[in-house]
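What follows is a set of notes on a single structure, which appears directly below.
Derivation of every value follows stated rules applied to the coordinates shown; laboratory data play no part. Worth saying up front: this structure is predicted, and the values here are computed from it rather than measured. Cβ sites come from the backbone with ideal geometry, for glycine too, and all protein chains shown count toward neighbours.
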Amino acid sequence: MANRLKLCVVALAALLGAAPAEALDRAAWLRDLDQARAAVAGKYANLEWLARDRDVDVGRLFDQARRQIASSKSDAGARAAFDRLVRGMGDGHVEIRWPAADPAADPPAAPCAALGFGDRRIGKPLPAFATGYRAIRGPEEFPAGLIRAGGRQVGVVRIDQFGPEPDPALCKAALQALAIPADRPCDDACERRMLAWLYGRLTQDFAATLHALRRAGAQTLVADLTGNGGGSEWAEAAARMVTPRRLTAERMGFVRSRHWTEKWARDAAVLRAAAARETGHDRAFLLKAAQAYDARRTAAATRCDGEPLFRKGRPACRWVVRGFFATGFVGAADPSRFRGKPWAGRIFSPSKYAYAEGVWRGPLIVLVNGGTWSAAEEFAAELQDNRAAVIMGAPTGGAGCGHTDGGDPTTLRNSGAVLLLPDCVRLRADGSNEVTGVRPDVAVDLHGHDGARRQAKLWAQKLPEAVRRASALYGRPRR
């Protein structure tokens, strides 16, 4: 009896060991990998930067992923191969999103959750942990304070993100002001109303904070962007609020693809429709812009094969095509130039917001670190290229331009995963891709593993130097 039981146990163990832990269709996963490779070769804007500037062997990354899938025992192992591939590309805007187990299980989100609001709260500025810092009262979205350095009063404002999402109280205020129920889903029109109110309030409160700092005696301003992961194109309006200088936006480049072909055609049609309702100078201006968009559409429709870049070669055509500016057709403008024009945002994106140039008019320092990404890099790079600010801190993370008009996602046919690839680049004044990151003018040894007090101490030690350099850009600081 004991021997029979032993034989049964051995047989059961052998049976269980022979059975796969999870069914794996390797061929289907490899087809997904081929689809991902084709997407990268056809519409990844930073492919040339990755292969030539960062010296990444893109072909080898895909070969490694292929071998890992071929040796995988489960779907989890195949997914890990894709995750490793994305990490190896090292681009903050390259992402793969795996489908939820049961998408139908998630009910429609309430308005604040749908717009990205959560429970996170805005933290103190990094300088708040330095000796001698004094907070001032003001809008909660922009914590601010004062500290002395080099015999001058330095104002500090924290910009946690270039958008309203970090402040849940702001969303609740929008719901109340617009009489929108907090517990019901919000359609597209409802979300547009909310976003218009939220960005109007954000612009108003940012200006109020800058005025409060000036009244408190600040002579130099520090805009703290440490840990700012980006946000929206509101960054362009905010940059123009912290300097009296007329800023010129970075040049924009795009990748040849169906996405951009359709976008240029769509935008040209909108501009022509707007021109039909205008007369005189505005009509001529809009028609000229539409013609320029037509030329970009033709360029976008001319395909360019990126496969040579997988082998560190050169494609037969220019990989990234010059567009206009990060702000649109126009790179610099008086805010009043397009005010009240329904088409203004398509020509000059800051026109979407009721901002004023030069709310702050004195010397400016922008504090960044490795957690500064995307739109926050756009803000810092533009001010640096226009010699309107001294950049202080550690090199930024390097995310650059991301996804225009929702981007051009690729859904992998087997797994259902969505591969997101940036479709645009922002080009610095020296022609470099902003994805390389923003290098500080005054370097501070800021490390994420150091505590806030140590980082603030290191910052305070370099602050007098940054104040002197910012003063040199603007002349004598003004109250």
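In this structure, the pairs whose alpha-carbon distance is over 22 Å, taken from Lys263/Lys352; Lys263/Lys288; Lys172/Lys341; Lys43/Lys73; Lys124/Lys462, are Lys172/Lys341; Lys43/Lys73. Taking a ≥ b ≥ c as the square roots of the Cα gyration tensor eigenvalues, with a/c under 1.5 meaning rounded and otherwise prolate when a/b beats b/c, else oblate, which class fits the range 257-302? It is prolate, given that a/c is not under 1.5 and a/b is the larger ratio. Quick one: Debye curve from the C-alpha atoms of the range 253-382, no solvent, what's log10 I(q)/I(0) at q = 0.18, 0.22 Å⁻¹? Summing over Cα pairs of the range 253-382 leads to -1.07, -1.26. Report summary: the helix-based calculation at 222 nm, which adds -39500 (n - 2.57) for every DSSP H run with n ≥ 4 and divides by the residues of the chain, gives -13000 deg cm²/dmol.
Our note on the geometry: Cα centres of the range 240-264 and the range 190-216, 23 Å apart.
For the pair the range 26-71 / the range 395-410, the C-alpha centres are spaced 18 Å from each other.
With a ≥ b ≥ c taken as the square roots of the eigenvalues of the C-alpha gyration tensor of the range 150-255, please select rounded if a/c is under 1.5 and otherwise prolate if a/b is larger than b/c or oblate if it is not?
Values: a/c = 2.46, a/b = 1.50, b/c = 1.64.
Taking the square roots of the gyration eigenvalues as a ≥ b ≥ c, the range 150-255 is oblate.
This model, with +1 at the C-beta of Lys and Arg and -1 at the C-beta of Asp and Glu, gives the chain a dipole about its Cα centre of some 1200 debye. Label positions at Ala76 and Leu178, each projected 7 Å from the Cα along the C-beta direction, are separated by 4.2 nm. Starting from the exponent 0.38 and prefactor 2.2 Å, build the expected Rg for the chain from its residue count and divide its actual Cα Rg by it. Rg over 2.2 N^0.38 Å, computed on Cα atoms: 1.12. When Thr220, Thr396 are sorted by how many other C-beta atoms sit within 10 angstrom of their C-beta, beginning with the fewest, the order is Thr220, Thr396. Summarising the label geometry, the points placed 7 Å from Cα in the beta-carbon direction at Thr411 and Arg277 lie 3.4 nm from one another. Computed from Cα atoms, the angle from the helix 168-178 axis to the main principal axis of the chain rounds to 70 degrees. For the chain, take the longest principal axis of its alpha carbons; what is the angle in degrees between that and the long axis of helix 258-275, to the nearest 10 within 0 to 90? Helix 258-275 sits roughly 30 degrees off the main axis of the chain. The packing ranking of peptides 263-276, 309-322, highest mean first, is 263-276, 309-322, where packing means the average number of other beta carbon atoms within 10 angstrom of each residue.
Once the dipole of the chain is set up with Lys and Arg at +1 and Asp and Glu at -1 on Cβ about the Cα centre, which of Ala45, Phe325, Ala149 lies farthest towards its positive end? After comparing all options, I get Ala149.
Compute, for the range 257-302, the length of the dipole vector about the Cα centre, with Cβ point charges of +1 (Lys, Arg) and -1 (Asp, Glu) only. Units Debye, rounded to 20.
100
Return one number: the angle in degrees, 0 to 90 and rounded to the nearest 10, between the long axis of the Cα atoms of helix 26-43 and the longest principal axis of the Cα atoms of the chain. Approximately 30 degrees, to the nearest ten.
Loop-located trypsin sites (Lys or Arg not before Pro) across the range 393-474 with a Cβ neighbour count of 15 or fewer within 10 Å are Arg413, with loop assigned by DSSP.
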